[in-house]
1. Pick from ARG124, ARG375, ARG187: which is most flexible by mean-square fluctuation in a GNM of the chain where alpha carbon atoms under 10 Å apart are linked?
2. Step through the table entries LYS177/LYS239; LYS15/LYS295; LYS97/LYS204; LYS97/LYS141; LYS15/LYS300, compare each Cα-Cα distance with 20 Å, and write down the pairs that go over it.
3. Taking Cα atoms, how many degrees apart are the long axis of helix 243-252 and the longest axis of the chain, rounded to 10 and kept between 0 and 90?
4. State the extension gain, in nm to one decimal, for the chain segment bounded by ILE92 and ALA267, taking 0.36 nm per residue of separation less the distance between their alpha-carbons.
5. Can you give the net charge of the other residues whose Cβ lies under 14 Å from the Cβ of VAL134, counting K and R as +1 and D and E as -1?
6. Order LEU31, LEU314, LEU331, most accessible first, counting only protein heavy atoms with a 1.4 angstrom probe.
7. Can you give me the % of accessible surface on the chain that is carbon or sulfur? Probe 1.4 Å, all protein chains present, nothing else counted.
8. Per residue, how many Å² of accessible area does the chain show with a 1.4 Å probe?
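The values are calculated or read from the model by the stated rules, or taken from the named source; none is laboratory data. Here the structure is a predicted model, which means the values were calculated and not measured. Reconstructed Cβ throughout: ideal geometry from the backbone, glycine too, with neighbour counts over all protein chains shown. Calculation scope for accessible area: heavy atoms of the full protein, side chains included, ligands and nucleic acids excluded. Shrake-Rupley method; radii C 1.70, N 1.55, O 1.52, S 1.80 Å.
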Amino acid sequence: MKYLSLVWAQLFRSKTRTLLTLLSVVTAFLLFGMLDSVRVAFNSGGSLDGANRLITTSRLSITQSLPVRLEQQIRTVPGVKDITYAMWFGGIYQDPKNFFPSFSVAPNYFEVYTNLELPPEQLRAFQETRTGAVVGEALAKEFGWKVGDTIPLQATIFPRQGSNDWPLQLVGIFRSKDRAAAAGEERQLVMNWTYFDEANDYIKGQVSWFTVTLDNPAHASRVAQAIDALSMNSDRETKSQTESAFQQSFAKQFADIGLIVTSIMGAVFFTLLLLTGNTMAQAVRERIPELAILKTLGFKDGTVLWLVLVESVLLVGLGGLIGMGLAALILPGLASRAQGLLPPGIPMQTWLVGAGLIVLIGLVVGVLPALRAKRLKIVDALAGR
């Protein structure tokens with residue numbers, strides 16, 4: 001610590017170069033903090049312990065449907081409090097760019113998803129109106145919809161009586177109790193499963209998933225195993241998991257998030273190594289006479305080596321901590337719009353990996369300049385050789 005002021009002075013000897021390099025390190029660790037948090041979230045095990053709700057889907061793929069009759073069997077499983085179901089619809093509004101989650105649901109959908117508030121009279125209208133639909137408040141504001149409007153959805157998967165037109169009557173607008181998650185939860189549309197089942201041309205008596213509430217979250221693992229045992233060795237085997245794990249597996253259908261994140265961060269840190277290594281090498285070259293003076297004053301070779309290494313780690317450490325701090329500030333806002341796909345903050349695993357990378361990169365980029373400073377001969381340095 002007694003040499004900290006000396007290291008600090010060496011680090012900011014060329015303020016412009018140091019600040020530009022620091023900005024590069026901040027950017028790299030900002031990306032790392034956010035992207036690695038995504039990787040950790042998508043690679044999490046989705047433990048069933050303490051889960052309040054389970055999602056039951058096909059074991060093969062979430063794109064494979066299940067028979068709706070399985071609902072009655074699941075209700076008989078000890079520990080199941082209630083159950084509802086939904087079928088993915090995937091329609092668009094006016095333009096393919098206007099895509100949002102849309103699915104058909106059972107009449108008791110809002111009794112299970114108690115985090116979504118729908119006025120009682122609108123809930124009754126939804127249950128009693130065959131072509132009725134309910135949307136989230138955020139989605140209604142986005143398109144200027146109000147109760148009583150007709151929403152002309154266009155089917156992308158399931159045509160209706162030879163046509164892709166699915167006109168739906170808007171009978172209700174729900175609101176999320178969790179305002180932090182409202183941007184994601186309120187951007188969806190639901191319609192009556194009975195109407196969808198009767199009107200679509202291709203699929204009958206099928207659902208995409210069941211949502212199961214438990215009488216005791218501590219029994220989640222046992223209940224999940226019992227549910228999956230109902231269809232074991234059949235052609236419709238199931239997989240029960242937490243809601244967060246289900247949402248993650250849904251997103252993984254589109255891309256291998258872990259591979260993408262690893263590839264991006266590999267390229268970023270490789271570039272960072274080259275940039276920071278060049279900065280340290282140039283800084284040591286410019287200070288050769290000063291380093292020779294330090295040795296003349298009695299600084300040992302090992303001490304000079306550690307001064308350069310500490311300078312390198314300090315440079316990367318400052319940028320890394322600022323970048324990770326910015327990521328920690330930004331991530332909660334993104335998580336609120338991601339419907340549970342992202343963690344509300346940077347996981348401890350990411351902080352630990354980030355700290356390890358700071359030390360590792362700092363040592364790697366500083367070791368060669370530090371060795372050069374250690375081997376420096378006083379006479380050669382002062383002579384300009």
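1. Highest fluctuation of the listed residues: ARG375.
2. Beyond 20 Å between Cα atoms: LYS177/LYS239; LYS15/LYS295; LYS97/LYS204; LYS15/LYS300.
3. That works out to roughly 70 degrees.
4. Here the segment from ILE92 to ALA267 would lengthen by 59.3 nm.
5. Surrounding charge for VAL134 is -3.
6. So the residues, ranked largest to smallest area, are LEU31, LEU314, LEU331.
7. On the way: 11310 of 18850 Å².
Answer for the chain: carbon and sulfur cover 60 percent of the accessible area.
8. 49
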